[in-house]
Amino acid sequence: MDPKVINSFKPYQGTVDVIKGGRFECDKNKGHHDKVIDDLNKALDQLPLCDGMTLSFHHHLRDGDHVLNMIMTNIAQRGYKNITLVVSSLFPVHAPLIDMIKQQIVTKIYAAYIAKEIGIVISQGYLRDGCIMHTHGYRATMLIQKEVIIDIAFLAAPSTDQAGNATGSEGITSCGVLGYAIADAQMAKHVVLISDTIQDVRKPEIRAEWVDMVIKVDAIGDPKGIVSGTTTITKDPVGLLIAKRTADFVEAAGLLKDGFSFQTGAGGISLALVQEIYKRCQTQHIKGSFASGGTTKFLVDMLEKGYLKNIYDVQCFDLDAVRSVKNNPAHIKISAQEYADITYKDNIVCKLDFVVLGATEIDTSYNVNVTTGSDGIIMGGSGGHADTAYGAKMTIIVSKLVSSRLSVIVDQITTITTPKETVDVLITERGIAIHPRHQELIDHLKATTSLPIMDIKTLYDIAIKMTGIPNKIKHTDKVVGVSLYSDGTLLDTIHQIKED
Amino acid sequence: MIKQTALFIPGNQPKMHISADVFGADCLIFDLEDSVAIHQKDSARLLVKEMIQAFDLSYTEVIVRINPVDSSFYQDDLKEMLQARPDALMIPKATKAVIEKVEADLKHYNDIYPNETLKLYIIIETAMGVETALETCLASKRIIGVLLGGEDLCTDMKVTPTKQRIELQYPRSKIAMTAAACNIMAWDTPFVDIDDHDGFKEDALMAKALGFGGKVCIHPNQIDIVKEVFAISEKQLKEAQEIIEAYELAQQQGLGAFSYRGKMIDKPILERAQQIVAASSKE
């Protein structure tokens with residue numbers, strides 16, 4: 001044998017727990033030993049906290065989350081500043097961040113959704129380095145592609161074993177799925193689970209080998225807060241009319257057929273739509289292949305009654321969905337990457353036949369805003385909006401045409417969240433506007449149905465006749481945030497609001 | 001114009017006003033009476049006036065239910081609505097004397113607020129109103145429709161409304177018959193359990209069988225049910241068309257009487273068939 005080949009191998013150093021002299025650094029205890037610390041302060045003392053660090057949190061406990069506030073309050077008390085937060089979403093419960101933003105403890109935020117309570121201070125210009133509003137799918141891309149490096153991921157884990165094998169399906173504060181935490185767990189420099197339930201875990205979503213520490217606390221959140229903002233079907237007659245009209249459109253456009261796949265939001269109109277679709281599946285004996293999202297009781301009903309083959313779930317919006325994903329093998333947990341990372345070849349969004357989404361604004365070119373409200377203040381964010389619009393064969397926006405004396409259709413959109421190229425239809429209580437790229441569909445529906453198909457500009461005129469032309473939102477030239485597309489490109493800038 | 005559905009909209013609810021016309025009701029009844037609290041009567045009046053003047057509701061019939069003539073709100077209601085110019089006013093607690101008073105007031109205001117084309121719907125909602133329905137319906141040429149007010153009637157009769165509406169059997173028949181005699185529209189009383197869609201449908205079917213031409217709705221969800229119940233079915237239309245064809249054939253052959261599927265067809269049956277075909281073409 002060639003001596004050069006023999007000499008290319010380093011000599012054996014002996015077997016110890018941690019091998020550093022060989023070609024690879026190995027620690028046979030990593031992933032397997034007891035990582036639990038039951039004192040938060042002691043745990044944080046052991047972490048490499050410093051000014052300017054980047055911390056991440058997921059939002060699966062939604063408005064019942066205690067973890068972000070618990071950790072950030074402690075970090076703020078230790079005097080650290082200039083922290084970047086990489087959070088999948090922020091809810092009203094995270095209001096303690098407001099003072100931290102004003103005091104420049106937190107100076108930059110990456111998020112797919114920011115509730116208005118926190119959005120206001122960002123729109124007022126308090127967040128020194130601004131906010132990067134991205135999609136759920138792009139969050140996975142940027143973490144996995146290392147465009148953003150997380151120093152410490154603090155991940156609420158409803159149930160974990162001592163080594164850090166964790167799941168969202170078990171525990172006092174079960175939230176169902178931990179889809180938005182997976183990329184954080186895989187890629188962060190340090191991964192810390194915070195849990196109130198330490199027990200054996202059968203099917204972990206987060207694997208021990210990714211985890212450095214487990215902090216045991218009394219409670220990670222309030223289970224009631226997990227339930228999404230709206231999980232009851234709307235009783236508003238206008239909302240019901242829009243839902244029914246959307247179901248009529250979906251059926252007339254040939255989208256409701258055996259093997260169909262779809263996603264809707266969790267608002268009252270969306271839930272009414274799911275019920276309409278369910279009824280039609282029952283009467284026409286149609287079985288869908290899958291629904292995805294954001295899951296609720298109504299999708300679970302369809303699955304359990306056999307009208308869907310699968311649900312692909314990246315987050316649970318109510319406790320029925322939490323129960324179903326735990327017990328039903330046809331209800332499948334997915335990560336954010338599998339759900340909506342458009343660089344991931346087998347992503348779910350690109351398999352959707354249609355998606356039904358909301359809007360705060362839509363312009364006459366079909367650009368959609370779900371990031372800022374009619375007052376220019378950040379009050380939401382893409383979430384999966386732009387991702388699903390990109391992937392689905394048909395993107396349907398549903399909204400009241402006029403609400404609170406304002407038209408949803410605008411001549412100039414405040415913030416582009418989802419670009420016009422990926423939006424196909426707007427359905428309102430006064431008419432349906434279909435993008436001209438679907439002229440065949442327009443002609444077909446006009447000839448064969450009584451659906452009120454009209455040009456979006458006509459709908460806009462109808463709205464403006466009722467509301468008058470609204471005053472323009474006043475803002476300064478200072479940019480307080482950016483709206484990124486699913487591929488990380490810049491869609492729009494968000495400006496500081498001008499206050500009187 | 002087909003007027004099977006009439007939707008009540010509280011006059012003090014602007015959110016309901018701006019979407020009132022999207023539900024496909026044949027008529028909209030903006031209400032200044034029972035659905036509006038006393039301390040909001042004046043703002044409701046102004047809201048309704050502004051609504052009618054600002055919005056294009058030309059494809060639906062616009063009706064305003066004003067307050068009773070013996071109330072302190074009646075005169076202001078009348079004056080403001082004459083300026084708003086709805087298609088019709090709806091007069092509650094109607095009797096012959098009430099209608100005569102309304103007619104007199106309309107005539108009095110005609111020079112300032114021309115109202116010769118203004119129509120009236122009346123609500124029969126007392127025991128005396130039921131018994132004197134014919135003279136009330138004939139009290140003015142403006143009257144084009146009558147509504148039975150079942151809840152107020154039960155109060156007047158001191159009976160508790162039943163689910164089967166037994167207490168309304170006679171009044172319903174009486175009002176439907178009176179409307180037919182006067183050749184005006186008859187709308188059946190509202191059904192207040194808005195979540196009971198099956199019960200509402202049964203009630204609407206009863207109303208249709210008794211001869212009502214439509215039913216008042218107090219929730220948009222009721223509109224489609226009324227349309228379904230009162231629609232002429234394909235089977236009915238086909239049969240009516242066949243009767244007319246058989247008649248025309250008989251005429252060509254110089255036959256006076258003729259049969260259809262083994263039944264002799266006389267004039268009332270033929271006229272009913274012609275009404276069905278005519279009504280169907282308007283739907």
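With the helix formula -39500 (n - 2.57) applied to DSSP H stretches of n ≥ 4, chain B reaches a computed 222 nm mean residue ellipticity of -14500 deg cm²/dmol. For chain B, the cysteines with no partner cysteine C-beta closer than 4.7 Å are B:27, B:154, B:217. Largest first, the extents of the alpha carbon coordinates of segment A:77-236 on the three principal axes equal 47, 47, 32 Å. Taking only the alpha carbons of segment A:380-445, we obtain Rg and Dmax values of 12.7, 36 Å in that order. Taking every DSSP beta bridge that has both ends in chain B, the antiparallel portion is near 10%. The eigenvalues of the Cα gyration tensor, multiplied by 5 and square-rooted, give segment A:242-314 an equivalent ellipsoid with semi-axes of 16, 15, 10 Å from largest to smallest. Counting every other Cβ atom within 10 Å of each residue's Cβ, B:154, A:175 order from fewest to most as B:154, A:175. Per-residue ellipticity at 222 nm computed for chain A from its helices equals -7500 deg cm²/dmol, with DSSP H segments shorter than 4 residues left out and the rest contributing -39,500 (n - 2.57).
Output the pairs from A:116/A:498; B:141/B:208; B:201/B:235; A:287/A:420 with a Cα-Cα distance over 22 Å in this structure; if there are none, say none. The pairs that break the limit, which is 22 Å between Cα atoms, are B:141/B:208; A:287/A:420.
Calculated on the Cα set of segment A:303-400, radius of gyration then Dmax: 15.4, 45 Å.
Between segment B:4-49 and segment A:327-350, the alpha-carbon centres lie 48 Å apart. On a 0 to 90 degree scale, rounded to 10, what angle separates helix B:197-210 from the longest Cα axis of chain B? For helix B:197-210, the angle is close to 70 degrees.
Note on residue A:10: aspartates and glutamates with a C-alpha under 17 Å away, same-chain residues under 8 apart excluded, are A:2, A:25. Remark: mean inter-chain Cβ contacts per residue of B:22-32 equal 2, using a 10 Å Cβ-Cβ cutoff to other protein chain atoms. If both residues of a DSSP beta bridge must be in chain A, then about 25% of such bridges are antiparallel. If you count, for every residue in B:12-20, the Cβ atoms of partner chains within 10 Å of its Cβ, what is the mean? Across B:12-20, the average partner-chain Cβ count within 10 Å equals 3.
Estimated translational diffusion coefficient (Stokes-Einstein, Kirkwood radius over Cα pairs, 10 °C, 1.306 mPa s) of segment A:353-500: 100 µm² per second. In loop segments of segment A:263-324 as defined by DSSP, the trypsin sites (Lys or Arg not before Pro) with at most 16 further C-beta atoms inside 10 Å of their C-beta are A:287, A:305. Along its principal axes, segment A:200-325 has C-alpha extents of 54, 31, 20 angstrom, given from the largest down. Counting only the Cα atoms, chain B fills a convex hull of 153 Å³ per residue.
Computed as a quarter of the hull surface, the mean projected area of the alpha carbon convex hull for segment B:1-143 stands at 8.4 nm².
Full extension of the chain segment joining residue A:209 with residue A:95 gains 37.7 nm, where the gain is 0.36 nm per residue of separation less the Cα-Cα distance. Cα centroids of segment A:195-261 and segment B:156-173: 49 Å apart. Taking a quarter of the surface of the Cα convex hull of the protein assembly as shown gives a mean projected area of 47.7 nm². The GluC sites (Glu not before Pro) of segment B:98-193 that meet both conditions, a loop assignment by DSSP and at most 15 other Cβ atoms within 10 Å of the site Cβ, are B:116. Note on A:233-241: average number of Cβ atoms from other chains within 10 Å of each residue's Cβ is 4. For segment B:184-230, the Kirkwood hydrodynamic radius from C-alpha pairs, put into Stokes-Einstein at 25 °C and a viscosity of 0.890 mPa s, yields a diffusion coefficient of 237 µm² per second. Panel order for B:157, B:206, by other beta carbons found within 10 Å of each beta carbon, from fewest to most: B:157, B:206.
Sequence-distant contacts, meaning Cα pairs under 8 Å at least 6 residues apart, place the relative contact order of segment B:62-216 at 18 percent. Look at the Cα gyration tensor of segment B:102-261: its axes a ≥ b ≥ c give a/c of at least 1.5 with a/b at or below b/c, and that counts as oblate.
Most simply put, segment A:73-184 has about 20% antiparallel DSSP beta bridges, counting only bridges with both residues inside it.
Taking other residues whose beta carbon is less than 12 angstrom from the beta carbon of residue A:259, and scoring Lys, Arg as +1 and Asp, Glu as -1, yields +2. In terms of the mean number of neighbouring beta-carbon atoms within 10 Å, the peptides A:419-430, B:43-54 order highest first as A:419-430, B:43-54. By the count of other C-beta atoms within 10 Å, a proxy for reagent exposure, B:205, A:352, B:82, B:118 are ordered fewest to most as B:205, B:118, B:82, A:352. Legend: Rg and Dmax of segment A:447-500, from Cα coordinates, 18.0, 53 Å.
Quick one: go through segment A:135-169 and flag any residue whose amide nitrogen is under 16 Å from the point 7 Å out along the Cα-to-Cβ line of residue A:200. Residues A:160-167 fall inside that zone.
Readers should treat all values here as calculations from the given coordinates under stated rules, not as data from a laboratory. Here the structure is a predicted model, which means the values were calculated and not measured. Note that each Cβ is placed from the backbone with ideal geometry, even for glycine, and that neighbours are counted across all protein chains shown.
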